[in-house]
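The values are calculated or read from the model by the stated rules, or taken from the named source; none is laboratory data. Quick caveat: nothing in here was measured; it's all calculated off a predicted structure. Neighbour counts run over all protein chains shown; Cβ positions are idealised from the backbone, glycine included.
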Amino acid sequence: MNVQFSIVTLKEKPELASQVFDLIYDSLEYKIPNRPEIDFYPLLGSHNWENCFVFLSNNKVIGHFGTKFRNLKYKEKSIPIRLIGGICVSKEHRGTGIMKKMFEYVNKAQFSKSVISILWSDKNAFYEKFDFFQAGYVNIFKTSPQLTYNSNYLKIKSMDKLTDDEFRIIQKIFTQNIENNFIHFSRDINEWNSIRKISSVQCLLDLNQIGEIKNYAFKSKGQDLEGVIYEIGIPDQPFFLKDSIVWSPLKNINDSQIIGSVYLGLFKLEDAKKASWFFNVNIESEKDLLNHLNSDISNKFLISGADSI
């Protein structure tokens with residue numbers, strides 16, 4: 001079936017936002033009270049609508065393709081990365097080739113803007129058709145149920161309920177312990193403010209005896225990453241996370257055992273020369289990138305669920 005369609009961005013047609021969010025809700029099989037525009041605010045918030053591409057047929061939303069540009073950073077090196085999310089096609093238009101046309105259009109519109117593109121999906125075989133391949137790994141830990149942590153020193157708040165002081169301390173801990181030691185998505189003030197609006201994220205604050213924050217963790221994200229702790233400010237000190245599931249790049253965590261692993265993401269190489277410079281290895285092809293990501297370099301990647309889309 002040859003479907004006639006037009007393409008706009010949400011920035012051009014903001015009145016289409018509710019239709020787009022409902023289509024994503026249905027496509028990802030969301031359940032009340034969760035909402036994708038909350039869980040994925042950094043992608044779907046109005047600040048990023050110029051990168052939310054809407055596909056229309058007969059004035060009806062039939063597809064959406066979202067991207068967000070970030071910088072992947074390690075110490076003094078940084079490269080532009082394109083994150084892809086919120087990809088969906090209405091049920092009645094699936095199997096018509098719309099998805100392929102969506103990829104072709106957005107890739108052409110954003111040509112040469114990134115070194116690597118990344119998306120997250122369990123449909124690995126499907127996205128291989130678009131040159132995205134699963135690579136890397138994140139270890140899954142189960143923390144001990146026997147930890148003798150005093151729960152009086154644990155404060156739990158939703159991300160949007162943090163005070164300005166609490167939020168500044170979290171940023172400081174991130175800078176001191178993650179920025180300086182891991183490959184990560186850099187967070188300027190705008191990125192931090194976007195993350196702060198993901199009200200579905202739980203913040204676990206580890207306090208000292210006088211109530212000061214000494215560590216933090218992010219847990220869950222609405223329907224995404226439910227029950228999973230995916231960012232710890234001081235990654236090797238989860239002593240306040242009793243009987244919990246933790247995703248971490250570390251090989252070992254005290255009082256915890258590895259119970260499995262998940263892949264780091266689906267990757268597509270866009271600029272081999274700049275990727276080689278960043279990783280300090282010779283990368284000439286997709287295979288070279290995947291081989292490198294599947295090596296011990298994965299233990300240096302800390303891609304938080306707060307950044308994934």
### Task
Of the numbered conditions (1) out of contact with any Pro (no Cβ under 9 Å at 6 or more places or on another chain); (2) at pLDDT 95 or above; (3) more than 30 Å from residue 101 (Cα to Cα), residue 118 fails exactly one; give the number of that condition.
(3)
## Note on the structure
Residues in region 174-195 that are in a helix (DSSP H, G or I) and either surrounded by fewer than 18 Cβ atoms within 10 Å (Cβ to Cβ) or among the polar types (S, T, N, Q) (or both) total 10
### Residue among 43, 56 that is out of contact with any helix residue (DSSP H, G or I) (no Cβ under 6 Å at 6 or more places or on another chain), among the aliphatic types (A, V, I, L, M), surrounded by 15 or more Cβ atoms within 10 Å (Cβ to Cβ) and within 20 Å of residue 199 (Cα to Cα)
43
### Task
Quick one: in region 106-151, of everything that is small (Gly, Ala, Ser) and surrounded by fewer than 12 Cβ atoms within 10 Å (Cβ to Cβ), which residue is farthest from residue 6 (Cα to Cα)?
151
## Note on the structure
Of the residues in region 196-228, those that are surrounded by fewer than 19 Cβ atoms within 10 Å (Cβ to Cβ), hydrophobic (A, V, I, L, M, F, W, C) and at pLDDT 95 or above come to 228
### Query
Could we say that residue 283 is of a type in the set (Val, Ile, Thr), touching a residue at least 12 places away in the same chain (Cβ under 8 Å) and closer than 14 Å to residue 138 by Cβ here?
no
### Query
Just wondering, is there one or more residues in region 73-80 that are surrounded by 21 or more Cβ atoms within 10 Å (Cβ to Cβ) and assigned by TED's automatic domain parsing to the domain that holds residue 114?
no
### Test for residue 134: is it on the phi < 0 side of the Ramachandran plot, outside any helix (DSSP H, G or I) and over 20 Å from the mean Cα position of the chain (by Cα)
no
### Query
Wholly within region 229-309, which strands (runs of 3 or more DSSP E) include no fewer than the required count, namely at least 3 residues that are surrounded by 17 or more Cβ atoms within 10 Å (Cβ to Cβ)?
245-248, 265-269
#### Entry: Pairs, first under 12 Å from residue 44 (Cα atoms) in region 1-15, second of a type in the set (Phe, Trp, Tyr), C-beta under 8 Å, six or more apart
9/49; 9/53; 10/49; 11/49; 14/49
### Task
Identify the residue in region 114-151 that is touching a residue at least 12 places away in the same chain (Cβ under 8 Å) and of a type in the set (Gly, Ala, Ser) and, among all such residues, is nearest to residue 278 (Cα to Cα).
114
### Query
If you scan region 204-228, which residues turn out to be more than 18 Å from residue 142 (Cα to Cα) and assigned to a strand (DSSP E or B)?
205, 206, 207, 213, 214, 215, 221, 223, 224
### Query
Within region 97-105, is there a residue that is under 20 Å from the mean Cα position of the chain (by Cα), farther than 27 Å from residue 235 by Cβ and either modelled with pLDDT of 90 or more or aliphatic (A, V, I, L, M) (or both)?
yes
